[in-house]
Each structure stands twice: as C-alpha cells, then as structure tokens.
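The block underneath contains the structure these notes are about, expressed in structure tokens.
Since every read-out is calculated from the coordinates, none of them should be taken as a lab result. Because the structure is a prediction, the values reported are computed rather than measured. As a convention, Cβ positions derive from the backbone with ideal geometry for all residues, glycine included, and neighbour counts pool all protein chains shown.
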There are 2 protein chains.
Amino acid sequence: MPPVNLKRLAQELNLSIATVSRALQDSYEVSAHTKERVRALAAELNYQPNAYASSLRRNVSKTIGVVIPEVNNHFFSLAINGIEEVARQSGYHVLIYLTHDDYEREVGITQYLTGGRVDGLLMSVASESREFEHLQKLYASKPAIVFFDRVCEALPTAKVTTNDYESGYLATAHLIEAGCRHIAHLLVSGNLSIGRMRMQGYQAALREHGLEFDETLVLTGDADDERNKERIMDLLRTRPEVDGIFASVERLALSSYQACKELGRAIPEQIKVVGFSNLGVASLLDPALTTITQPAYDIGRQAATILLRAIEKKKAILPSQSVVLKSELFARRSTAR
Amino acid sequence: MPPVNLKRLAQELNLSIATVSRALQDSYEVSAHTKERVRALAAELNYQPNAYASSLRRNVSKTIGVVIPEVNNHFFSLAINGIEEVARQSGYHVLIYLTHDDYEREVGITQYLTGGRVDGLLMSVASESREFEHLQKLYASKPAIVFFDRVCEALPTAKVTTNDYESGYLATAHLIEAGCRHIAHLLVSGNLSIGRMRMQGYQAALREHGLEFDETLVLTGDADDERNKERIMDLLRTRPEVDGIFASVERLALSSYQACKELGRAIPEQIKVVGFSNLGVASLLDPALTTITQPAYDIGRQAATILLRAIEKKKAILPSQSVVLKSELFARRSTAR
DNA sequence: CTGTTAGCGCATTCAG
DNA sequence: CTGAATGCGCTAACAG
C-alpha cells in the first residue's frame, strides 16, 4: 500500500501537490469545493502530514524539551503536568530528559539538543553542575530557554522561581517558634541558587531570633539517598542537642524522617522537621510532616507559557520576564506547642 | 552568520557535502586525514546535524512516544525513569503525552501521533477508554507499540504487565488473615484489564477463605478524587461492618486513607487498607500503610527494551514477547495481630 | 577515497 | 483559483 502523503492525495484527486497542501492549510486561495474534496479524501485515507518534512521546511518543530533532574518527585512531576497541559493546548510536543543530577548527563543532553530538534527548552539544572559552558553553548545555539526552580543565573533569560529566601526564613522561624533551639539545615547543594537562597533565609531567621548560626549543623546532601540518611543519623548521634531539621529539598526531608525513625527519635515530639518541597501524599497522611509546598503545577504552566509565547512571537526572552511565585508552609496541625 | 550545516562545512573545507557527511558518520571510505579535518571544523563551529532533515531522509526519527494517564503518580514516574534510561542509552528521544484518563484526550493524542513523528510507542491506556477504534487506527498506521500495565487486549502486540490476579488475591488474603471479614474493593474501572484481574483475585481469595462476595461492597472510582473520597465515606457510613479495604490503584488507596481519617476510623486498628501500587514515600513513613508494589522501574525498562529492539531490527512485535512481572506485598509491620 | 546526482515530504515562490 | 518549480538539510546510490 503506497504511503498517504500529499503526492498520493494529489494523484487521486487529479490536483497538484501545491493545491492539496494549500487546501489542507485552509488557504484562502483555494475554492471551497476543492477544499472539501481534499479534506474528504484526507480523512478517508487518514492522512497525517509528515512532521519532519514540515519541520524541515518551516524550520520550526513545534516541540519543546524539558530537562530536569528526575521525575519521581512531586515537584517535578507536577511541573511536567503543567508544562504538558500548556504545550498540548498550543499544539506543541514535549520531549523529556532526565539528568539524575549528574553533570555529565546534563552536558550530554544539552549537546543532544543543540540542533533544531526543539524550538525551546524548559530547564531545571542539575545540582552538580558547576560549570555552565555547556549551557552557554546551548544558549548560543539559539533555542529559547526558560529556567524554572533550579536556575542558571549566568544566562540572561527568564526564570520562574519561588520565594526561596522567604520560605527558608519561614520554615526556620516555624521551627524556632515551635521551640527548637538547635536546628540543623540540610542543603541540597552549595552551587544551586535555590540552596543558597533557602540557606540565607535560614540564617536570617536564626539571627533575628537571637540564635547562633552553627556551620557544623549544615549538611550538604548528594545524590545517594542511603548515604545521606547515614550522614544525618551520624549528625543526630554526635549532636544530640539537635531538636529541629530544616531540609531544603524533598529527598533530604525523606531521608531525615527515615533517619529519625531509625534512631527512635519521635517526630515531632523529639525532633521537628520541615521538609522543603511537595511531599504531597505523605503530608496528607502523616500529621507529623510539615512541608513547604511550592506551586509546582503553576510553575510548570508559567514557565511553559513564557516559553511558548516567545517562540510564537519569535521574540527573545528577557530576564525581565522572570516570575517569582510563592510557596506555602503546610502543617497539618501546628507543631507549636 | 550563516547557519552551520554540511554545506557550510563543505565550502570551508573545499570538499563535497557527501564527503563531509560520510566523514562525520565515520564511514570507512573516507581518509583518516579528511575525517580529522572535518571533525575539527565541525567541533570548532559547533556543528549539530539537523535532526529533522536526517529523519526525513532516513525515515526514522530516533524518537519514541510515551502515552500515560498521568505522571504525578509513583508508578508512572518510576516507569518513565526506566523508559528514559533505556531510551537515552540507545540514543532515542522520548516524547511524553498525558491523557489524564480522558478518552477524548487519548483519541486526540493518538491522532497527533499518527504520522511518523515517533518510531514507536509505549502506552498505558486511559481507564475511560472503552472504544479502541483510535488505537486500531494508530496500530494500522505503523509505529511499533508496546503496552504496559494498562493494556489494550484487542491489539496483537506485546504487553508488559504484572501478576494482577495473584496480587489481588494476595492483598485480599492478607486482609483476611489479619482478621477482616467485610472487605470492600475499590475498582479502578470496569473496562480496564488490570481492574478486572485484580478483582478476580479478590473474589477468589474471598471464596477460598469461605467469605461471601458481596457486590455492594465494590465501588468503582472515577477521575474525581474528591468525589471518590466522598463515596468511600458514604460506603463506610452505611456499611459500618466494613473492616478492610482493598484499593486497586494508588489514587483510590489515598482517598481511602483520607476517608478513614475523616471518619475517625483508625488505620489499621479499626480498618485495614491495602493499597495497590507504589505509595512510595508514604509507605516508608507510615507503618499503617500496606501496599502492593509493582516493579515500576523494571516495567518501564522492559517495555522500552522490547520496543527499541523491535525498532532497531525492524521486526514486528509479537504478543508472544509479552512479559509478566511480579508485584510485592509491602507491609512495614504486619497488620496481622 | 571523493564527487555528482537524486529525492525524502512539504511549503512556497512565481507563473499563469 | 491552480500548477510547475525550487529547496529546507541530509543520506545514499552511482560514478569515477
């Protein structure tokens, strides 16, 4: 069976390829009658335009890429939800790439992406990425880029983030007000803006409540959850005075909970924990879980909206289009008192 | 600045386009010296082949599509993880589409996909889909398809599933052995094979343990979580004898937990619940949560592996390549006694 | 080992 | 209103 393409339609209808093409695009310079004939046959044969030929010709792919650390995480999966929603409504396809917070992979992926495969890119950088050369290259190679959550400050483009400084402050203040005096901080990574911001909020809250900032209570996590848990347990063992933990990212919050449980230290009676990011499910079920919840779905939507708008208008994305959304402290029942 | 394509490279090197193309593909019929020159310039100019031109010419896109109900769900996000992993290793790109369990969307997406954009498709059908005409059409239009978890039995292709019947049996038996005598079943959807299988296991377990199957204790959920919760609460109120719940899917399990909490019926003391699927995080934190956990990551990997192998070998996928993996009952501490 | 030629399917000039 | 011709960037068959 011959393939169903414009040529085939043209032959069967005794028309030229050009006319068929125009008819399918509802061009004003084709008679209503012809359009009808073309559409009827196209439907009958289940004609689908070849996306690649079209992309090649028009030099747009109607495809965006999403590069994120992982998907098995409430924040990112909700964000994808928002992104996919917006993309589909605008007729865009979504390619997904996971870095697993690995620098090498991120570099590989960005190279993969340099070359017209996508019209634009939504990105949350890997926490391990210190060097941004690959991102610079990518940026130079043209696709529109919008960062969300884990941004690369070095590139002059729009970023969709949350009020990380304030949230860090809020989380810490919440713990202090609940009676904590020795609050450990679990940092996601020193070279990630969200980590720095949240930590600054943490420090400010301590300071303003008259507490010392103790550098030795700050633990920087890595990609190995098991090891993170061990290190948290070590910290809790060697520093028994710790009565609160502020985890700056979901994975570390979980590791904290597990560490506390394994050490038999009850949450929230003995140790209070505030986990950053969307524990979703868990926080609904276990009242001991206090979380800072980011509006992940909206972040995804906003980032995608900015990106697609720029693509459609063929306009550059400016840093001034950046958006800062608000996170919320979500405690099922107050841990204060 | 002129674009960096083969033509440009060829001009600057005084070679033909064909030679440059061959050199970049490391063809044996190009001198080492020439290859070197080409590669050097390509690197210098950061040449990236145009993926669409290549796809058009070769008639392969090195892209697969993943169509799933949602991503904000441990099962699917883990599966994506596995899929992306396998795909990337083989140099494939992954397009993602979410149906939100909506029939219309699924139809729209499959149409979207009919037309060479993807070389293959991994799919978990929407629970609402009763009609499979769109899938038949898609199947006829050629891309290789592998179903996973929520399969469409009508199509003669490979399916990657878990031992749903046994798991349903196991879950129910677990409740019975823990002392439950009136076990409600929350069905995901009557027209989904996983639902039917799990329910059959549930019925068999009841039967073999000498319990009556009571149709009025079976509740079929829909896409509205809030309403599901209300209906579960209704059921628990009108049928106070219910002392166990077997939820055949993650979302319904969560709604059950919430319903129980709102009614003040303690889990697992007053009501025991077994939730199907990967509650992940939650089950680690709350010992009350008993889950049937599917090997989601492996399911993703396996499905992707079968698909890519078939694509690479240009061979049709046979139903005989189907795989059935095993789920595991995961109770943090036994609810029995 | 290298170049010439043709064409993937489509959108778009330019003619009529 | 319609058709013929051109080329997007790349690969592959065919020469030499």
- Query: On a 0 to 90 degree scale, rounded to 10, what angle separates helix A:103-113 from the longest Cα axis of chain A?
  - Reply: 20
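Determine the sum of side-chain charges near residue A:90: Lys and Arg each +1, Asp and Glu each -1, restricted to other residues whose C-beta is under 14 angstrom from that of residue A:90.
Spelling it out: positives minus negatives among the neighbours equals +1.
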- Message: Once you place label points 7 Å from the Cα toward the Cβ at residue A:191 and residue B:36, how far apart are they in nm?
- Response: 3.3
- Item | Cβ neighbours within 10 Å from other chains - mean over B:257-269 | 1
- Task: Place the label 7 angstrom along Cα→C-beta at residue B:8 and in each other copy, then list the distances from the first to the rest in nm, shortest first.
- Result: 3.6
- Among the lysines, select those whose C-alpha is under 22 Å from the C-alpha of residue A:314, and discard any that sit fewer than 8 residues away in the same chain. A:62, A:137, A:142, A:159
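May I ask you to compute the full-extension gain from residue B:270 to residue B:241, defined as 0.36 nm times their residue separation minus their alpha-carbon distance, rounded to one decimal in nm? Mind showing how you got there, number by number?
Values: separation 29, 0.36 × 29 = 10.44 nm, distance 1.02 nm.
Extra length from residue B:270 to residue B:241 when fully extended: 9.4 nm.
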- the protein assembly as shown - share of DSSP beta bridges that are antiparallel (%, nearest 5): 10
- Item | Contact order relative to length of chain B, as percent, for alpha carbon pairs under 8 angstrom and 6 or more apart | 18
- Can you give the helix-only mean residue ellipticity at 222 nm for chain A, where every DSSP H stretch with n ≥ 4 adds -39500 (n - 2.57) and the sum goes over all residues, rounded to the nearest 500 deg cm²/dmol? -14000 deg cm²/dmol
- Interchain or sequence-distant (5+) residues whose placed amide H lies within less than 5 Å of the amide H of residue B:218 are B:185
- Quick calc, the protein assembly as shown, dipole around Cα centre from Cβ unit charges on Lys, Arg (+) and Asp, Glu (-), nearest 20 debye, gives 2140
- Task: Subtract the Cα-Cα distance of residue B:43 and residue B:59 from 0.36 nm times their separation in residues, and report this length gain in nm to one decimal.
- Result: 3.1 nm
- Message: Suppose the chain between residue A:316 and residue A:142 were pulled fully straight at 0.36 nm per residue; how much longer would it get relative to their current alpha carbon spacing?
- Response: 61.7 nm
- Query: What are the principal axis extents of the Cα atoms in chain B, in Å, biggest first?
  - Reply: 86, 40, 34
- Message: Please compute the modelled spin-label separation between residue B:29 and residue B:209, points set 7 Å along Cα→Cβ, answer in nm with one decimal.
- Response: 7.1
- Query: For segment A:129-282, what relative contact order do you get, as a whole percent, if you take Cα pairs closer than 8 Å and at least 6 residues apart?
  - Reply: 22
- Here the percent of antiparallel bridges among DSSP beta bridges lying wholly in chain A, to the nearest 5, is 10
- Note on the structure: Candidates A:32, A:296, A:87; GNM for chain A (alpha-carbon contacts under 10 Å) flags as most fluctuating A:32
- Considering only the other residues whose Cβ falls under 11 Å of the Cβ of residue B:297, what net charge follows from Lys and Arg at +1 and Asp and Glu at -1? -2
- Message: Taking a ≥ b ≥ c as the square roots of the Cα gyration tensor eigenvalues, with a/c under 1.5 meaning rounded and otherwise prolate when a/b beats b/c, else oblate, which class fits the protein assembly as shown?
- Response: oblate
- Task: Please get the size of the charge dipole for segment B:174-297, origin at its Cα centre, with Cβ charges of +1 on Lys and Arg and -1 on Asp and Glu, quoted in debye to the nearest 20.
- Result: 100
- Message: Could you compute the net charge surrounding residue B:42? Neighbours are other residues with a C-beta less than 15 Å from the C-beta of residue B:42; K and R count +1, D and E count -1.
- Response: +3
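Longest exposed-loop-site-free stretch of chain A, with GluC sites (Glu not before Pro), DSSP loop and at most 15 other Cβ within 10 Å?
A:30-130
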- Query: R0 = 25 Å: FRET efficiency of residue B:226 with residue B:153, Cβ-based, nearest 0.05?
  - Reply: 0.20
- Rounded to the nearest 0.05, what FRET efficiency is calculated for residue B:216 and residue B:131 with R0 set to 22 Å and r the Cβ-Cβ distance? 0.15
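Which whole number gives the average count of other chain Cβ atoms within 10 Å of the Cβ atoms across peptide A:58-71? The partial results should precede the final answer.
Details: counts 1, 3, 1, 3, 1, 6, 0, 1, 1, 0, 0, 0, 4, 11.
Average neighbour count from other chains, rounded to a whole number: 2.
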- Compute the label-point distances linking residue A:28 to its equivalents in the other copies; points lie 7 Å from Cα along Cα→Cβ; give nm, one decimal, shortest first. 6.0
- Message: For Cα pairs less than 8 Å apart in space and 6+ apart in sequence, what is the mean separation divided by the residue count of segment B:6-49, i.e. the relative contact order in percent?
- Response: 35
- Query: Could you give, in nm with one decimal, how far residue B:45 is from each other copy of that position, shortest first, with labels 7 Å out from Cα toward Cβ?
  - Reply: 3.8
